[in-house]
1. Would you check if A:Asn447 is at pLDDT below 95, surrounded by fewer than 24 Cβ atoms within 10 Å (Cβ to Cβ) and closer than 26 Å to A:Gln242 by Cα?
2. Pick from region A:600-626 the residues that are of a type outside the set (Lys, Arg), under 16 Å from A:Leu529 (Cα atoms) and surrounded by fewer than 17 Cβ atoms within 10 Å (Cβ to Cβ): which of them is modelled with the highest pLDDT?
3. So how many residues does region A:337-365 have that are of a type in the set (A, V, I, L, M) and touching a Pro at 6+ places or on another chain (Cβ under 9 Å)?
4. Which one of these is assigned to a helix (DSSP H, G or I) and either within 20 Å of A:Phe542 (Cα to Cα) or of a type in the set (A, V, I, L, M, F, W, C) (or both): A:Ala448, A:Ala476?
5. Which one of these does A:Thr407 not meet: (1) in contact (Cβ under 8 Å) with a residue 12 or more places away in the chain; (2) within 30 Å of A:Lys473 (Cβ to Cβ)?
6. If you check B:Thr48 against the conditions, is it β-branched (Val, Ile, Thr) and closer than 30 Å to A:Thr215 by Cβ?
7. Somewhere in region B:85-93, is a residue within 14 Å of chain A (Cβ to nearest Cβ), within 30 Å of A:Ile226 (Cβ to Cβ), touching a Ser or Thr at 6+ places or on another chain (Cβ under 8 Å) and loosely packed, with under 11 Cβ neighbours inside 10 Å?
Amino acid sequence: MDLLSNKWIVYLALCLFVAGINCNSVENKIYVKLNYTVPCVRLLNSTHQIGCQSSLSGDVGVLHVLESEENLDFVLRNGRNPPYMVIMESSLFTRSVMMKLKNGSSRVAGVAVVEPTSNPPDGFSPHTRCPNENTGVYSENYGPGLAHCNTTKWNPLGNGLSYEEFDFPIFSMKDDNDTQLIRQCYMDHNRPMNGSDPQYPLCAMQLSSHMSAVTSTPTCMRRNSISFSMSNDMVCDPLSDQNIWAPSKPLNTTQNGHKANESVIIVSARLDSRSFFSEIGPGAESAASGLITLLAAAHALRNATQDAQLDRTIFYTFFHGETFDYIGSSKMVYDMEKNQFPIDLDNVHSVLEIGQVGLHSSSNLWLHTDPVSMRNSSIQEEVKNLIANLKSAAAGLNVSVTEPGVTQPLPPSSFQRFLRARPFPGVVIEDYNSSFSNKYFQSMFDNADSLNVLYPPNLTPEEQLNHVTNTAKSLAEVATTVARALFIQAGGEKTQISSIKADELMVSRMLYSFLISSNNSWTQEIVGLKDVVHLNNNTVNFYISVEQQASLPTILVKYLLANLTGTAVNVTQENCKNQKESEDDKESKHLYNYFWVPGAAPPNSTERDGFCVRSTVHWSRAISPAFLMENYTTSEYSTWTESRWKEIKGRIFLVASHDLEMLTLGVGIGVLLSSLLLTYIMSSKADILFSSGREPTSATY
Amino acid sequence: MNLERLPNEEKLTLCRKYYLGGFALLPFLWLVNVVWFFKEAFLKPPFTEQTQIKTYVKRSALGLLFWVTVLTTWITIYQHFRAQWGEVGDYLSFTIPLGTP
């Protein structure tokens, strides 16, 4: 008896074990998980929410491959099996299609956009036509005629999709195996055959991107801070990162506030971009062109600023988060006003900003100035002086510089945030006159192709890294112009400028690192060991994101700037990490920053020769002052936050018809009820049922 | 506890205890009282303490009704208007479901 029961237990355990394994494989048999899922996420500002979200458990819909805009009728009206999950080529990802889907959203479960392999020839920009319309300098009080892009729309191709709110998930997918599988599944199950509706089972897709934050930044920041809640979940985080800056001569950075006898020329570029999808932000022209030019100019000026004693300090500055209502520049101006920065606004002599300078098939740079502050004669004189310096710097180079009409306002630029504080002389360098020449402003197509960074076929990655493209040549020319102009502006001798020249190879390598692959032999030499892990083989994503994540553009610019403007010093690794040159050095850390970088490996060894780089590179938090003041309803500062989420995933599977599902459920409930009934009858009639053959004996077990 | 085995006097004491306990903002005691003593109060053949038990059960039922009305009204109002109240609504809430206004 004992033996028998043991045997049964073993069998039972075995059965359960096998059943457990089968459960897993059943899930795998039902669902196919998508590997590459890039969602559009929810962002919030003081009044609105933008972006996309699914329901808590993910939205499920029957797959429909959209072939043309007319085909929308099927999704929005004729189709018998709503809601639909719409798969489309990116050529259909237009405002008109998306707004129709948004308005018919009860029949739309979600949208998946397939990334194309080439850029749309007519251009595409999901940004607004007037970027950062309300947080620039122009308003009812400052050049009212120029406010809200009254005189010119800077981004005429902008369709504003990035700033719409969708209540269904939208994902981006690569044209790869997954997409092939989805198409196959659609072809096999969902395609209407000769006019009749397809039969069940149908192919369906589930997309999950549930967003925790809702309504607006004031709401989500309040819910972040409510502490007596059971689940103390944060729901959103402010967009923030770091501004990077380096003065051309060492400044004591631990003492904040006004520096006596210090006159500074701020030369800046922006460090961020975005697109509709959060993880794709190539920003080739909108961010990379300007910041690479600035890095190259800083490199070209390294020796000149060290040799010549210049009257003014050049302040290389990279502002982060400018796309989202000037987060970086407004923070730096705020810090300068509050004496929380090594210099203050009185120290600033002038501002030179490098915007989008990709030079699409032209060699013309436009010098934009602010007509309102130029009404002041002293400002006007300084601006004229700066323009004259730029013109004399461009002489003999392959670029020409032109001024736009005097009544034209500044394009969207960080300089506008300085002008909000007080009038400054300043110039913004762009490659366009009255509207962007970039056809893909802040879209996923603003990539190496759009900037014409093309390599001859059959080059190895190493050869591509060192291949000097035409874009690199023209960016180097721009950088040379900027460097020479800065040298004159800082008080250098005009006769010496011919020796200042940007390095085309450096520009090529930077273009490759930002636009093609940040993980290459060059970056591995110059990026510090603790940050090397962040390098990858993809295009750099310029979306600012939230503070918790180390952002790749910031890391790259930090080390590039250090290597291109700093010097290698003979300091041990230990001292280098502790920011000192010798054991009892306590002063250097106030002036310099020390990075230990891996360096190159000698030819016959795999061990790299690390060394210490001393530079004046510093960084400060780029977060909107609204979050420091805890004033989330302000219209003066950026209030953008990003929602948190738990899970982003997508999967496809076959669904049965609604009737069949209901029938299965009904049968299940029926079986349950009848078994309950049966049990009841049996227990109530137990004495009749079980006592028939046997005498009712007193139990003697 | 089985009421059947209890002498009538103890039934009355128990019923009174539950009735009085309900006043300490414990409407569930009243609910228990009503359910538990309903048979004793209205269905059983008359006994001396029955009239008093009847009163207590009736009053408990009345109190229970009051609570149910008040709570239902408040919950309806709260669920309906929480999002509109904004800040006040959030501070009134113990947990706020993620991703809803």
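1. Against the criterion (at pLDDT below 95, surrounded by fewer than 24 Cβ atoms within 10 Å (Cβ to Cβ) and closer than 26 Å to A:Gln242 by Cα), A:Asn447 qualifies.
2. A:Gly610
3. 2
4. A:Ala476
5. (2)
6. No: the conditions fail for B:Thr48.
7. Among the residues of region B:85-93, not one is within 14 Å of chain A (Cβ to nearest Cβ), within 30 Å of A:Ile226 (Cβ to Cβ), touching a Ser or Thr at 6+ places or on another chain (Cβ under 8 Å) and loosely packed, with under 11 Cβ neighbours inside 10 Å, which makes the answer no.
Results for (1) farther than 27 Å from A:Asn141 by Cα; (2) surrounded by fewer than 24 Cβ atoms within 10 Å (Cβ to Cβ), shown as yes or no for each residue.
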{"residue": "A:Ala394", "(1), (2)": "yes, yes"}
{"residue": "A:Thr402", "(1), (2)": "yes, yes"}
{"residue": "A:Ser414", "(1), (2)": "no, no"}
{"residue": "A:Arg417", "(1), (2)": "no, no"}
{"residue": "A:Pro425", "(1), (2)": "no, no"}
{"residue": "A:Val428", "(1), (2)": "no, yes"}
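The values are calculated or read from the model by the stated rules, or taken from the named source; none is laboratory data. Keep in mind that this is a model prediction, so the values were computed, not measured. Because the Cβ atoms are built from the backbone with ideal geometry, glycine has one as well, and the counts that use them run over all protein chains shown.
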